[in-house]
Structures are given as structure tokens and as C-alpha cells.
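A short write-up of the structure that comes next.
The values are calculated or read from the model by the stated rules, or taken from the named source; none is laboratory data. Since the model is a prediction, treat every value here as computed from it, not as a measurement. Note that we place each Cβ from the backbone using ideal geometry, even for glycine, and neighbour counts take in every protein chain shown.
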Amino acid sequence: MIAVRGLAHRYGAAQALRLPDWKVAQGERWLILGRSGSGKTTLLHVIAGLLRPSEGDVSVFGENILKLEGTRLDRWRGATVGIVLQALHLVKHLSVRDNLRLAQYLAHAPQDDARIADTLGALGVAAKSARRPSELSQGEQQRVAIARAVVNRPKLLLADEPTANLDDAAAASVVDLLAEQAARHGATLVVATHDARVKAKFRERLEL
Amino acid sequence: MNLATLSAGYLRARPLQTTLSLMLLALGVGTIVLLVLVVSQLEERMQRDARGIDLVVGAKGSPMQLMLSGIYHLDAPTGNIPLSAVGLLAKNRMVRKAIPLALGDSWRGNRIVGAPKIYAEHYGAELRAGRFYDKPMEAVLGAEVAARTGVGVGGKFKGAHGLGSEPGDEHENEYTVVGVLAKSGAVIDRLVLTSIESVWHVHEEHQGPEDESDRKALEAAREVTVVLVQYASPLAAATLPRQINSQSELQAASPAYESARLFRIVGVGVEALQGFALVLIVAAALSVFIALYTALEERRYDLAVMRALGASPARLFGLLMAEGVVLALLGALIGLGLGHVLASVFGVWLESQQHGAVTGLEWRPEELWVLAVALGVGVVAALLPAWRAYRTDVSRTLAQG
């Protein structure tokens, strides 16, 4: 339900970055593979509504998101997209529970403690809900970041380099968790990475 | 979670900077509130004490001293004037009321004022106990005097010469307390009232006159200290003071003019303190600005992530503004409390100096202005950081790490 056509983006005066046309069906699990600078993050940001490309058409779940203005695009993103970032970026001074509550608050979703507990439980970190991110292990922080991305039950789950700096076992586990969570919420999963180790886990691949 | 708790969380995450901003703002606001409370209460008190008194007539000297001693019973009197002056004033067509007072003695630091009954009536004083004096050597105590000394109706005391805190010789004659006044909130609360004759009596006994001719001579030389005058019509202001001042032994002081002059003199100090308070508030504004602005750098990922989670730029703007406003509101409220506590402390100190006139338990409408200014400071200080947050380039920030 994602359709990208004739996409190009120009950063400053640099030559435009051209991206291939691309179609994704509902519930598919995609891997975007490519070197750094190949446009993985650009593509991810465009379909998340974080970046307006210089050229092209983008439709996500039937919504022409480039036509959405300002606050409406932000609202659409909050309600539709969950994002896991490489550097996690959990809010340091908020507890694990409050990091998830922040996601609900900013997406204008009801603040629902039961749903937060359920989401953390599904990722095996329910016991840490009162802790600050800094008190958690790297693996636990990774799980909290995924929990924050899925707590609003997004239809589209995006992950940008989720396995960088992880050992083989951890990398495999993160990809499994993402796939599991996407399946749990019926979400379409798109993972952007340069990490060839996780290639085997995805049937659909877009190589840039 | 809402904007207030979210911004409060960020403030708590920087305890040192937050405390510094709060302290500066609280000190500035507290100083201004203290000044507002003290100045307005003193002004009100002075106006209440001088209500209905258009002129103070007494011996030549400093007009301000004459006003302070004659109305507020603060300074030493300028001297005495002959009793005949009272009669002349009372007969003047431009004068509605002429209240003579005889000063000079005190009891445990409270001034003994020889005055006719109309003096108490002028302040609307009512008896709480006993009756009014009608014979020499009977006295009525003001409410504060009675409370401080614990002496009530039937009590006896001896006046001492002089008005200061270190009394002079005690006089032989004993006063009997025949009444206690209810609290009026005016200067009369701090006074011991008696008849003018009592004051004369005490001092004449002192000199021990023996024969009839001496007594006659003394009576002819009887004096009062000041006369409080109320005009019959506003027109009197144009001529009466000049008329009085032209007489060699008399001087007229206008309380309205002299208190305005006094407040101009005191005003310099008040303005200096106000300036100091404003400097503190400007420093507080800078501190809020610097705290928010420097924190932006380490918060840029937080802000970008918030955008990724669905927050609009306006929401980030609101978050930063809320931090400035919460900080300002908190600092201003602490400052308001501080100002009232300081005013109370100042009031207690004044009370110990027997000039109880200031309390921290009153609120003034000006304080709302102070609150509004403090909020304005928070808003202005947060404006630029909030604008920067609004302009967060979410894609670029997230792509960097």
C-alpha cells in the first residue's frame, strides 16, 4: 500500500539523489539495502512524512502524503507510522513508561497505561517500566525503542539501521522482534540497513 | 502527561540552572512585592492618621518635624506655643476644628498626650472598657498600649519626662487608668490620652508653686505643643497658613505637603531598591533564556524524535514556551511568598519599635501586575529558544545520528 514514483531529492547544491519506483503491499516485510549515502534514510524519511522530496509522488495507504500540509501531516504520521531509530533516542529523564506515554500524548492517542503495560510485556521489558533508559542494558533499550514505535499500533513500522553496532545474535534478535511486532499489529515493516547479516530474514528486498 | 508535566520534567532534569533562574526571579519579585506592601501600607497609614487634619500649628522649627510630632507622634516636638493661640485659632472663621495637644511625657515608651475629648472622637475611637477621663490625672490607654503593658482600667502609672526610649525623671503624680480604647488602626492606638490639664498639673507640681500670685502667673504662662486644625472651607488653604506663619512664635505645616515631601525623600531609596529588583528580574530573564537556549543543543534529538512521534512544530514551540512560563510562574509565586514573609518580618520589627503599621497578611492589586510582568519575562526569554525548536529540521537531525 506504499507506492513511490519518480522520487528525487536534492540536498543543497548537490546532484539530485534519484530513487527507484517502489511498491509495497499491506503486511509485507521489506528490507532496503544499500551503502551509506545511497538514499535509504531519505526514502524512509519520505514515506514517514518527515521529508518532502524535491520531485516525485508518494502514496501511503492511499494517502498522497505530499499533499498533506503541516499539522495534518504530523497527525497522520503520529497515527500511522512507528519509527525505530539507530540511536534509539529515548528521552533520558523520562521513565520507560513515560517514554511510551509521550508517544501516545504526541500522537493525540488516549494515554492508556494498560496498553503501555501490554506493549512492554510483549517485548519482555514490563519489569523495567519505572526505570530510566540509562538504567537499562543496550538490549533492553532496543526493546523499549521498539515498544515506543508500536504502542500506537501503527500501520507502518519503520526501522533505520536497527542492527548497526550489534553483535550477530543481538542483530538477529532485533530483526525478529521487529517482524514479530509488525505481525502482532498487522503492520507493514520496512527496515533500512547496510547490514548484510539480516538479508536472509526478508523475502522482499529493495537494493539501492 | 501534558504540556505542563512534560516541561516540568525538562526543568527538573536541569536542577542547577532551574534553581538559579527561580532564585533570581524570586528575589526580584520578592523585593518588589516587599516595597509595594511596605510603601502602600505606610502611605495608607499616614493618610489615615492625617485624615481630616489640614494644618498642624506649633512652634517655629522644621515643618516636617512639626507634622511628624504633631500627627504621627514620631519626632520630638518643635517646642510649645502659648495657650492664647488656641483661642485665636478656634475663633477664626476659616477653622472648623482646632484640637490642642500637650506633649512632653511618656510612659514605658508610649507618649502621653494631653488632649480634649474631640481628639479621640476625631479618629472615631471607641471605648472598649471603662469610661473617658473627666478629671485631671485620669488617663485612657490606646489599644496597643493596653495590650503591650497589660495594664487595664484601675491601673496606676507615673509619667516620665521626655519622649524617647530612654525616659527621663519620673514625675511624682500618678495617673489612674479609667478607660481603654478599642483598636482603631490609627495613631491613637499607640497613645496614652489624658486631659491637657493633667499635663499642666504634672509640670506645675514639679515646680511647686506656693502662693496665689505664682499660681496666677503659671496659669497665664500655660502652653500647648501643637494645634491640629481642620479648615471650614478649602479656601482657607490659601490664606490661613500665611496668616499663622506671619506671627512670630507660630508655624503652620500642611500634612499633605509635608508628607508628599517626605515620600519624595524616602522615594529615592525606594526607587534605588526598585532598580535593584529590576536588575534581578532582568538577570532572571537572561538566566531563563540561557538555560533554555543552551539546553536546545542537547535536546535537538529529543525534539526531532517528538516530531517523528507526531508532534507538530507548534507543539515544540509550545513546549519551550511552557518551560519559560512554568519557570516564571513558579519564580514569581515563590517571590510573592517571599515578599509577604519579609513584610511580616519587617512588620514584627516595626512593632518592636512601637510603630506597628506593616503586615505581610495583606494583598495589594499591584501584586497582580508584578505577577504579570514576571510571566512576561518568562514568555520573552523563551521566545527565541521556542522559535529554534519550532524550526527543528527533523529529517536532517535524525539522519545525523
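Yes or no, residue by residue, for (1) crowded, with 17+ Cβ neighbours inside 10 Å; (2) within 18 Å of A:R148 (Cα to Cα):
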| position | (1), (2) |
| --- | --- |
| A:I2 | yes, no |
| A:L17 | yes, no |
| A:G37 | no, no |
| A:S54 | no, no |
| A:V58 | yes, no |
| A:T80 | yes, yes |
| A:D98 | yes, yes |
**Asked** Residues in segment A:16-23: is at least one of a type in the set (K, R), away from every other protein chain (no Cβ under 12 Å) and in a loop (DSSP other than H, G, I, E, B)?
**Response** no
**Prompt:** Picking from A:G70, A:G62, A:G49, which residue would you name as being crowded, with 23+ Cβ neighbours inside 10 Å and either over 11 Å from A:L19 (Cβ atoms) or within 8 Å of another protein chain (Cβ to nearest Cβ) (or both)?
**Reply:** A:G49
**Prompt:** Could you say which residue among B:W387, B:W363 is modelled with pLDDT of 85 or more and part of a loop (DSSP other than H, G, I, E, B)?
**Reply:** B:W363
**Message:** As an exercise: evaluate B:V266 against (1) β-branched (V, I, T); (2) away from chain A (no Cβ under 14 Å); (3) under 29 Å from A:R101 (Cα atoms) and give the number of the one condition it does not meet.
**Reply:** (3)
**Message:** Against the definition (at positive phi and within 14 Å of chain B (Cβ to nearest Cβ)), how does A:G27 come out, yes or no?
**Reply:** no
**Request:** Of all residues in segment A:190-208, count the ones that are over 18 Å from the mean Cα position of the chain (by Cα) and of a type in the set (A, V, I, L, M, F, W, C).
**Result:** 3
**Asked** Can you pull out the strands (runs of 3 or more DSSP E) entirely within segment B:68-187 that have at least 3 residues that are touching a residue at least 60 places away in the same chain (Cβ under 8 Å) and among the charged types (D, E, K, R)?
**Response** B:95-107
**Request:** Being more than 13 Å from the chain's Cα centre (by Cα), touching a residue at least 24 places away in the same chain (Cβ under 8 Å), buried (at least 21 other Cβ atoms within 10 Å of the Cβ) and closer than 21 Å to B:F263 by Cα narrows it down to one of B:T31, B:T18, so name that one.
**Result:** B:T31
**Asked** Residues in segment A:100-117: is at least one in a loop (DSSP other than H, G, I, E, B), among the hydrophobic types (A, V, I, L, M, F, W, C) and at the interface with chain B (Cβ under 10 Å from one of its Cβ atoms)?
**Response** yes
**Complete:** Checked segment B:284-299 for anything within 10 Å of chain A (Cβ to nearest Cβ) and closer than 24 Å to A:T71 by Cα; matches are B:R299
**Asked** Does A:A179 count as touching a residue at least 12 places away in the same chain (Cβ under 8 Å), part of a helix (DSSP H, G or I) and surrounded by fewer than 23 Cβ atoms within 10 Å (Cβ to Cβ)?
**Response** yes
**Prompt:** Quick one: what pairs do we get from segment A:63-86, first residue in a strand (DSSP E or B), second of a type in the set (S, T, Y), C-beta under 9 Å, 6+ apart or different chains?
**Reply:** A:E63/A:T80
**Request:** Any chance you could count how many residues in segment B:294-319 are assigned to a helix (DSSP H, G or I) and surrounded by 16 or more Cβ atoms within 10 Å (Cβ to Cβ)?
**Result:** 18
**Asked** Here are some conditions: (1) out of contact with any helix residue (DSSP H, G or I) (no Cβ under 7 Å at 6 or more places or on another chain); (2) more than 16 Å from B:N110 (Cα to Cα); (3) among the acidic types (D, E). B:E174 meets all but one. Which one does it not meet?
**Response** (2)
